[in-house]
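Before any comments, here is the structure.
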Amino acid sequence: MNAVYPASPLPSGPLPDSLSDRDVTFKRIVWRLIPFLTLIWFLAWLDRVNVGFAKITMMSDLAWSDAIYGAGAGIFFFGYFFFEVPSNILLQKIGAKKTIMRITIGWGIVCVAMAWVKTPTQFYVLRFLMGAFEAGLQPGVILYLTYWLPAHRRGKALAFFVSASALSLMLGSPIAAYVMAALNGVGGYQGWQWLFIAEGIPSIVAGLVAWFLLSDSPAKASWLSAREKAHVEGELAVEARAMGDREHSFMASLRNPRVWVLIMVFFCIVAGNATLVYYGPSVVREAGVTDLKTLGWVMAGIYGCGWLGMIGNGFLSDRFKEVRWCTALAAALGAVGLLMTVYFLGQKNLAGVMFSLALSSAGTMGAIPIYWQIPSRYLSATALVVGLAVINSVANLAGYFSPQLLGYLKTTTGQYGQGLTMIAAVECIAPVLILLFVSREKGRNPVPPAH
């Protein structure tokens, strides 16, 4: 089985082994874990990307350039790079609830501290720390879910979890706009300062709740009966046998060219996603939306399409037991949307820019939850524990380079077109690599038969 934790022993006597019985068990697990984990990821993205909205007034208040902002927005991912593997290893050693509590409280404190940033150096240090604390959350949760759900039940669950990033952008945009407008000047603080304070505190609270709500594994879940634990163990065992031999050694997996292809694929997707997250509001503002509250609602609609893309693609993937094409076509759609944005931005066509960004959001964000079904086709045990973190940490360096690139080109050329075109070209590489190098057959998700 995929889980690193030891399996719970099978209880004696007859088991309620029908498919409908197992469906009830897994539905209970999903409702226990996914809403809270989704809330955690929602808050993580809220705190990670609120700088994109704060930028609108923060830069003028502090007299910073687009290049300074791009460097600060992107350095977050260096924190990710250096600390993601240790975080996933720590999760394996100390358990999920301690790890998630540490991560969530840490980034919440850093987010609040952002309200008092004055210099570019302070900005860079806090953004790095934000990445260092958040490192390991997404791959940690993806790993954590392999302890509870077989792959054929994980697509929709992962889609809901990962879609919290788009949901936070969708709801966070108008919230950020209203917080900045309503609290500007209160207590002597600017609106962008209140934004960091107001959105950091809930993360600290959620971190404390994690200790009481989460269980480290099915074997340690007091809220599952012995028969329900047997359902989990049974389906995971069937899946492990159907998947056949996979790489268990992490060092050996690094010598597998396919792992590096997976890193490159996700790098290309992240490049498009980081562009939408950190420069989406600025691009729409460039197209003609200058009112802060209106901009918030426009971005809510654009990111809402990303949320629909994630949920819709997750259902399609589970429905057709298809990962390869669902990921490739979604990434291609994201790249096409960015290219259309460049065209309509040049035409000063606001409606076209909004439509193109919405299209790119649906495609790029829709590719992410389905992509994460691919690594477990080739990795298991220790290789999966560390491999998920390595893939995410290395690929997320695109989150550093794309804002840097866009910030530099905007500062030197005065427009976004050249940078957006280059990012679209990078994202186009993802579907090509998937269709060329990701296996069609291996890892089709088996559904254990009813008895």
Taking segment 80-100 and keeping residues β-branched (Val, Ile, Thr) and either in contact with a strand residue (DSSP E or B) (Cβ under 7 Å, 6 or more places away or on another chain) or modelled with pLDDT under 80 (or both) leaves VAL85, ILE89
Just to be sure before I move on: is TYR371 more than 20 Å from the chain's Cα centre (by Cα), surrounded by 18 or more Cβ atoms within 10 Å (Cβ to Cβ) and closer than 30 Å to TYR144 by Cβ in the structure I sent? no
If you check ILE302 against the conditions, is it modelled with pLDDT of 85 or more, under 30 Å from LEU350 (Cβ atoms) and in a helix (DSSP H, G or I)? yes
Picking from MET59, MET130, MET114, the residue that is within 25 Å of TYR178 (Cβ to Cβ) and either small (Gly, Ala, Ser) or in contact with a Cys (Cβ under 8 Å, 6 or more places away or on another chain) (or both) would be MET130
Do you know which of the residues in segment 47-82 that are of a type in the set (S, T, N, Q) and in contact (Cβ under 8 Å) with a residue 60 or more places away in the chain is nearest to LEU388 (Cα to Cα)? ASN50
If I filter segment 367-384 for residues that are part of a helix (DSSP H, G or I) and on the phi > 0 side of the Ramachandran plot, do I get at least one hit? yes
When you scan segment 41-67, how many residues do you find that are over 20 Å from THR294 (Cα atoms), touching a helix residue (DSSP H, G or I) at 6+ places or on another chain (Cβ under 7 Å) and of a type in the set (Gly, Ala, Ser)? 3
With the condition being at pLDDT below 85, aliphatic (A, V, I, L, M) and within 28 Å of LYS27 (Cβ to Cβ), I'd like the helices (runs of 4 or more DSSP H) fully within segment 145-222 carrying at least 3 qualifying residues. 151-162, 164-182
By residue number, the members of segment 139-159 that are within 18 Å of ASN273 (Cβ to Cβ) and touching a Leu at 6+ places or on another chain (Cβ under 9 Å) are PRO139, VAL141, ILE142, LEU158
If SER356 passes every condition in (1) buried (at least 18 other Cβ atoms within 10 Å of the Cβ); (2) among the hydroxyl-bearing types (Ser, Thr, Tyr); (3) without any contact (Cβ under 8 Å) to a residue 40 or more places away in the chain; (4) under 17 Å from SER173 (Cβ atoms) but one, which one does it miss? (4)
Members of segment 102-159 found to be among the hydroxyl-bearing types (Ser, Thr, Tyr) and within 19 Å of the chain's Cα centre (by Cα), listed by number: THR104, TYR144, THR146
Tell me, please, whether a residue that is of a type in the set (A, V, I, L, M, F, W, C), surrounded by 17 or more Cβ atoms within 10 Å (Cβ to Cβ), over 24 Å from LEU90 (Cα atoms) and without any contact (Cβ under 8 Å) to a residue 24 or more places away in the chain can be found in segment 196-209. yes
Among the numbered conditions (1) touching a residue at least 40 places away in the same chain (Cβ under 8 Å); (2) buried (at least 22 other Cβ atoms within 10 Å of the Cβ); (3) out of contact with any Pro (no Cβ under 8 Å at 6 or more places or on another chain), tell me where SER163 comes up short. (3)
Among the candidates VAL261, VAL284, VAL289, VAL336, single out the residue that is touching a Ser or Thr at 6+ places or on another chain (Cβ under 8 Å) and more than 18 Å from VAL162 (Cα to Cα). VAL336
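The values are calculated or read from the model by the stated rules, or taken from the named source; none is laboratory data. Treat the numbers as computed from the prediction; the structure is a model and nothing was measured. Note that each Cβ is placed from the backbone with ideal geometry, even for glycine, and that neighbours are counted across all protein chains shown.
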